[in-house]
């Protein structure tokens, strides 16, 4: 259950910068910019978990 909460929180938090960009530049709503920002922030937020996963599995040895 905690994994679900953390994953949902990550997706919600990564949407905040994308919403700010949409608010500041309304013409960019149809452009891929906000979606790209959302994806990059989600990746950055999940980076510590990905590194930990690689270390646990031994893939980053």
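Residues in region 18-44 that are within 21 Å of residue 6 (Cβ to Cβ) and loosely packed, with under 12 Cβ neighbours inside 10 Å: 44 alone. The single residue among 54, 47, 11 that is part of a helix (DSSP H, G or I), modelled with pLDDT of 85 or more and exposed (fewer than 11 other Cβ atoms within 10 Å of the Cβ) turns out to be 47. Residue 37 falls short on exactly one of the conditions (1) part of a helix (DSSP H, G or I); (2) modelled with pLDDT under 85, and that condition is (2).
The values are calculated or read from the model by the stated rules, or taken from the named source; none is laboratory data. Note that this is a predicted model, so its numbers are computed, not measured. Methodologically, a virtual Cβ is constructed for each residue, glycine included, from the backbone with ideal geometry; neighbour enumeration extends over all protein chains shown.
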